[in-house]
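Trainee: Below are the C-alpha cells for one structure; questions will follow.
The values are calculated or read from the model by the stated rules, or taken from the named source; none is laboratory data. Since we're looking at a predicted model, the values are computed, not measured. As a convention, Cβ positions derive from the backbone with ideal geometry for all residues, glycine included, and neighbour counts pool all protein chains shown.
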Amino acid sequence: MIKILKDKKANSSQYFEIAKLKLPKSKRSEGVFGMSFGMIFSIILIVVFMVVAFLGIRSFLNFQKTAQLKIFADDLQRDIDEAWNAGESMTIYKGNLPIGVQYVCFINWKNSTMNANTFEANIYREIQLGGISASENFYFYSPGKDFAIKSKQMKHIDLSSKNPICIRAIDGKASVKITKTFDNPLVVVSE
C-alpha cells in the first residue's frame with residue numbers, strides 16, 4: 001500500500017511512504033485458504049502416502065489370493081497323482097480358497113455336458129463363453145471376481161461319466177473326493 005503525502009514541505013525521500021502491512025509476520029506467507037505452504041505440502045504428502053499404502057495392501061491381498069489358488073490346484077494335483085500311482089485309493093482333499101470362488105469344476109471340453117444338473121450345465125456354458133483354453137480341464141468358478149489364476153490343466157482325471165463335475169466351495173473351503181479303482185486307469189473326482 002502506497003501513501004502519498006500531501007504536505008509540500010516534505011522532502012523527496014518522504015514523499016512516498018510505504019505503509020506497513022497490518023498482518024502479523026507469521027500470517028504473511030499464508031495463501032488463500034489461510035494455511036502456509038508447508039502445511040498444504042504436508043497434507044498433500046499424507047494423501048499421497050495413504051494412496052500408496054492402499055495400493056500396496058491391495059496388491060498384497062491379490063497376491064495372497066493368487067497364492068491360495070495355486071496352492072489349492074498344486075496340492076490337489078499332488079493328491080490325484082498319488083491316487084493314480086496307487087492300485088486302489090480313496091482320499092478326500094480339503095483345501096482353502098479365496099472368498100469369491102463358489103465352485104471348482106472339472107470340465108472335458110471335448111464332450112458336451114452329460115449327467116450334469118441344470119446349474120452345472122449353466123456353469124459349463126458360462127465358462128465356455130469366457131474363452132477358456134480347451135487344453136485346461138480345471139476351473140475356479142467365481143462370478144464377478146477376477147483372479148489371476150482361473151483355470152489349469154489337471155492330469156489323470158476320468159471325466160467320462162459326468163461332465164462337468166462342479167464341487168461347491170463353502171466359506172473358502174472345498175473338499176474333493178479322489179477315488180481310484182483297479183479296473184479304471186484314471187482317477188475319479190467327486191463331491
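Trainee: Going residue by residue through the range 69-82, is there one that turns out to be more than 30 Å from F182 (Cβ to Cβ) and out of contact with any Pro (no Cβ under 9 Å at 6 or more places or on another chain)?
Mentor: Yes.
Trainee: Would you mind stating whether F72 is surrounded by 14 or more Cβ atoms within 10 Å (Cβ to Cβ), modelled with pLDDT of 90 or more and aromatic (F, W, Y)?
Mentor: yes
Trainee: Any residue that is surrounded by fewer than 18 Cβ atoms within 10 Å (Cβ to Cβ), without any contact (Cβ under 8 Å) to a residue 12 or more places away in the chain and under 24 Å from G172 (Cα atoms) - is there at least one of those in the range 99-110?
Mentor: no
Trainee: Among the strands (runs of 3 or more DSSP E) confined wholly to the range 94-191, which include 2 or more residues that are of a type in the set (S, T, Y)?
Mentor: Result: 138-141, 173-180.
Trainee: Among the residues of the range 47-79, write down those that are without any contact (Cβ under 8 Å) to a residue 12 or more places away in the chain and more than 25 Å from the chain's Cα centre (by Cα).
Mentor: Selection gives R78 alone.
Trainee: So if I check each of E88, E82, which one is surrounded by fewer than 19 Cβ atoms within 10 Å (Cβ to Cβ), within 23 Å of P185 (Cβ to Cβ), charged (D, E, K, R) and in contact (Cβ under 8 Å) with a residue 40 or more places away in the chain?
Mentor: None of the others qualify; the one that does is E88.
Trainee: Quickly run through the range 139-191 and pick out the residues that are of a type in the set (V, I, T) and out of contact with any strand residue (DSSP E or B) (no Cβ under 9 Å at 6 or more places or on another chain).
Mentor: Within the range 139-191, just I170 meets the criteria.
Trainee: Return yes when G172 is within 17 Å of I99 (Cα to Cα), loosely packed, with under 13 Cβ neighbours inside 10 Å and within 25 Å of the chain's Cα centre (by Cα) and no when it is not.
Mentor: Taking the combined requirement at face value, the residue does not satisfy it.
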